[in-house]
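Novice: So that we are looking at the same thing, I have put the structure below in structure tokens.
The values are calculated or read from the model by the stated rules, or taken from the named source; none is laboratory data. Note that the structure is predicted; figures quoted are calculated from it, not measured. All Cβ positions, glycine included, derive from the backbone under ideal geometry; neighbour counts span all protein chains shown.
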Amino acid sequence: MKADAQPCTLSPKQERFIAALLEQPNVTQAAKACNISERTARYWLKDPAVQLAWRAARKSAYDHSIARLQALCGSAASTLGKNLLNDTGASAGIRAVQIRSAELILSYAGHAVEIADLQDQIDELRRLIEGGNHGRTTTSLRAVK
């Protein structure tokens, strides 16, 4: 969300609808969970304030998921180490699943860090462009690389 964006004011029903969108598989089910018509739900989704809140809710849910992945990185590394250095006593199939799960956790958490770094660089570039730094942009842009 942009720093200059106005805080949106949603009704309590709209806030419940946003929460339901995160929990339900589609708009129809989210509307049903909130006791509103699908037509009302789709109308609300055209409202810029609802769109902004929905985007913020999705980002928050994603950020929370990434934090959970990153918290698992230590366990994932330990799992790889145990399977590399010892015979864990588990079957080959179970060990393969453990190894693959650990690989995915480390990979996704690593990609999330890269994405966050890129987002920070984009935000810095936007700040520099919007600030009209009159010639100082070039020096600051080199640091962003």
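Novice: Kindly indicate the residue of region 28-57 that is of a type in the set (Ser, Thr, Tyr) and part of a helix (DSSP H, G or I) and also farthest from SER11 (Cα to Cα) among those meeting that condition.
Specialist: THR28
Novice: Let me ask something additional. Criterion first (in a helix (DSSP H, G or I), in contact with a helix residue (DSSP H, G or I) (Cβ under 8 Å, 6 or more places away or on another chain) and surrounded by 12 or more Cβ atoms within 10 Å (Cβ to Cβ)) does ALA112 satisfy it?
Specialist: Spelling it out, ALA112 is indeed in a helix (DSSP H, G or I), in contact with a helix residue (DSSP H, G or I) (Cβ under 8 Å, 6 or more places away or on another chain) and surrounded by 12 or more Cβ atoms within 10 Å (Cβ to Cβ).
Novice: Would you be able to tell me the number of residues in region 73-93 that are more than 25 Å from the chain's Cα centre (by Cα), in a helix (DSSP H, G or I) and surrounded by fewer than 12 Cβ atoms within 10 Å (Cβ to Cβ)?
Specialist: Number of matching residues: 6.
Novice: Quick one: count up the residues across region 60-72 that are part of a helix (DSSP H, G or I) and in contact (Cβ under 8 Å) with a residue 12 or more places away in the chain.
Specialist: Selection size over region 60-72: 4.
Novice: A follow-up question, please. In the set ARG55, ARG100, which member is in contact (Cβ under 8 Å) with a residue 40 or more places away in the chain and of a type outside the set (A, V, I, L, M)?
Specialist: ARG55
Novice: Further question: Output the number of the condition that ILE66 fails; it satisfies all remaining conditions of (1) within 24 Å of the chain's Cα centre (by Cα); (2) at pLDDT 95 or above; (3) not basic (Lys, Arg).
Specialist: (2)
Novice: Within region 8-27, can you find the residues that are touching a residue at least 12 places away in the same chain (Cβ under 8 Å) and assigned to a helix (DSSP H, G or I)?
Specialist: Residues satisfying the conditions are LYS13, GLN14, GLU15, ARG16, PHE17, ILE18, ALA19, ALA20, LEU21, LEU22, VAL27.
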